[in-house]
Amino acid sequence: MDVILFLVFSAIAVACALNLVVQRHPISSAISLVGVMASLAILYLLLGGEFIAMAQMIVYAGAIMVLFVFTIMLLNAGAEKRGVKRPWAVYLGIPLLTGLLGIISFLVQGQVQGSPPVILGGFTGGAAGDVGRALFTRYVLPFEVVSVLVLIAILGAMVLARKEIE
Amino acid sequence: MNFFILTLIKTGILLFIFMTTLAYLQWIERKVLAHIQLRMGPTRVGPFGLLQPLADVIKLVTKEGMIPSHVNKVFYLLAPVIAVTLALTSISVIPFGPQVEIFGVTTYLQLTDLSMGILFLLALSTLGTYGIALAGWSSNNKYALLGGLRASAQLISYELPMALAIAAPLLLLNTLSLREMVEAQQGYYFGFIPKWTVFQVLPLQVVSFIIYMISGFAETNRIPFDLPEAENELVAGFHTEYASMKFASFFMAEYANMTTISFIAVLLFLGGWHPLWPAEYGSDYVAPLIFFFGAAILLFHGLNPARPKDKLFMPPFGIVFALVGVLFLIPALKPILIPIFWFTGKVGAILFLYIWIRGTLPRFRYDQLMNFTWKYLFPVSVVNLMLTGLVVALMS
Amino acid sequence: MPPLPVSQIPLNWYLILSATLFLIGVAGFIYRRNIITIFMCIELMLNAVNLSFVALSYQWKQVDGHIFSFFVMVVAAAEAAVGLAIILTVFKNRQTLEVDEISSLRN
């Protein structure tokens, strides 16, 4: 069961990611990205990250991507122009990236020895209570700093997006 | 019994009941609205218009499902699917009653209990935005686009006070699983005031409940927050270009979302399937009494008909009501039916509130809508959450 | 049902999946010219890194990886708010989303 779930959802994730890069209209890309995020949430569940899976769905897929879709709809800008301006980038870049992927896979397989098999329920410390306890004890300083960062971001977004006052 | 077979049976029963309820919710809404406006509502199809939903379904299914030529086909077809799938999925985690034994099988009246039940429901409701936004965008129509934009802005804005209003009772209940949530609300203060979340830390949870209900109305695009489909400004808003089953999907999604909001309200604030007063004061006899009373009225009017056709229709319905009332008195069925009665009764009351408000209130203006959430609802819910947290911290 | 080629998924596969997604994101970042799509490729890369965090959290049986990815999500939310506001302003001033055409600072 774990194997099927992993294979299916990793395939969906990679397919959606490729679709994100290939599609020319931003809204198609945005929906593909939502697909990636949803399948990653399922993989998080397999890895025992219940809370983080739900946070992924609510924060990433539900809030951030809705903001993207909203902006795309608001600008109503059409599809990207056809044609590659830098053909050498394609001819050089894709083999290079594939090679890089090969090297990384090789390194991961070779260096990370004795990686445990992933079984559903193999790690159960990712429930909301555990995450919350760690967040408000050991990580309380980063948590507060991040909240200030979010406040600054809100102010910045408001300043940037407001209408000019004459 | 085999887990898969049991789940399949439960899914089948639940799906049938839920779909029928959604269809009849429409009939109830039309009847109630009509009586608020001193009309009769549907009367032609079947007795009291009871077959109207069936007629509507047949009409919508057999209608030609045409696709306008100027739409973005992929997203145009995807949007209703997203909307209706997400809306119907939420039913799978709702508990309708406690653990029961039917024909020797012990099971919960619930499809599955997630340890993150309430977060799962929140995730589904946030993802529901995509259905509406994509429908508005892909229709390639200015009214639809405006409706979609309004819907997504409104949903993002009202999600915040809603999440904060949900967080306050969660502090008291100390669980995210919907079943444990209801079990934590069991019992009575002084033997008669139920330990529902609304009645705990008294004024605070009433405030969260009200904030939750207001945001719930906005989340489901109902009057007074139905700007995404304001018919006198935007024709029909995001579903202007939709017809036949695709339109029906949006319609079904809206009603399913309404019931989900009511389910969450009942589970989180109103004690799920726990009765309003304890069984030793006779709360078990409320259900049969209501049904017998209905049966008595129907039989009386059937035997003294005001209109000639009442003689035909009312007595059979009266007998059905009486039989249902008798079911509640059978000791073997009692532990199953009484919790379901209280649960559906509370959900029905909230759904009636939805319809009542639709018949009563005018629509907000768009700037009023945004001001209302950001300047009033959001600060109030933040303060409410902080006060609740303070009380919980002081009590523990 | 035919037997599957593998009976269990080693954790390494999750890391390789993460690397694949990250590199797809890099490719999109390099090739695409629509500024919103580029932004989405960044989000894809962040997601890929999150998968690594959660996978390694499984390996060490500790919750810290989840916390890191939680912080990544929060920072991504802040970044999206500011970034999209910048994009809106750029579009208002230039009426274009192509990054190649927004080049006033090029000498």
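The values are calculated or read from the model by the stated rules, or taken from the named source; none is laboratory data. This is a predicted model, so every value here is computed, not measured. When we count neighbours, we look across all protein chains shown, and the Cβ atoms used for this are built from the backbone with ideal geometry, even at glycine. Just so you know, the surface numbers come from the protein's heavy atoms only, side chains and all, with ligands and any DNA or RNA stripped out. Shrake-Rupley method; radii C 1.70, N 1.55, O 1.52, S 1.80 Å.
Of the residues contained in the range A:15-27, none is found to be more than 11 Å from chain B (Cβ to nearest Cβ), in a helix (DSSP H, G or I) and under 23 Å from B:LEU176 (Cβ atoms).
Inclusion of C:THR37 among residues that are open to solvent by 30 Å² or more (accessible area, probe 1.4 Å), within 7 Å of chain A (Cβ to nearest Cβ) and free of Cβ contacts under 8 Å to residues at least 24 places away in the same chain is not warranted. Out of all the residues in the range B:38-50, is one or more open to solvent by 50 Å² or more (accessible area, probe 1.4 Å), among the small types (Gly, Ala, Ser) and over 21 Å from the mean Cα position of the chain (by Cα)? No: zero hits. Say whether the condition of being in the same structural domain as B:LYS246 (by TED's automatic domain parsing), surrounded by fewer than 20 Cβ atoms within 10 Å (Cβ to Cβ) and either closer than 21 Å to A:ALA53 by Cβ or touching a residue at least 40 places away in the same chain (Cβ under 8 Å) (or both) is met by at least one residue in the range B:119-140. Yes, that holds for at least one residue. Just to be sure, is C:ASP100 closer than 29 Å to C:LEU11 by Cα, open to solvent by 10 Å² or more (accessible area, probe 1.4 Å) and not small (Gly, Ala, Ser)? The answer is no for C:ASP100. Across the range B:61-87, the number of residues qualifying as of a type in the set (Gly, Ala, Ser) and under 28 Å from the mean Cα position of the chain (by Cα) comes to 3. What do you reckon, is C:ILE30 within 7 Å of chain A (Cβ to nearest Cβ) and open to solvent by 30 Å² or more (accessible area, probe 1.4 Å)? Answer is yes for this residue.
Restricting the search to helices (runs of 4 or more DSSP H) fully inside the range B:260-376 and requiring at least 2 residues that are among the aromatic types (Phe, Trp, Tyr), open to solvent by less than 20 Å² (accessible area, probe 1.4 Å) and modelled with pLDDT of 85 or more gives B:334-360. Within the range A:133-145, which residues are more than 10 Å from chain C (Cβ to nearest Cβ) and either in a helix (DSSP H, G or I) or open to solvent by less than 60 Å² (accessible area, probe 1.4 Å) (or both)? A:PHE136, A:VAL140, A:LEU141, A:GLU144, listed by residue number.
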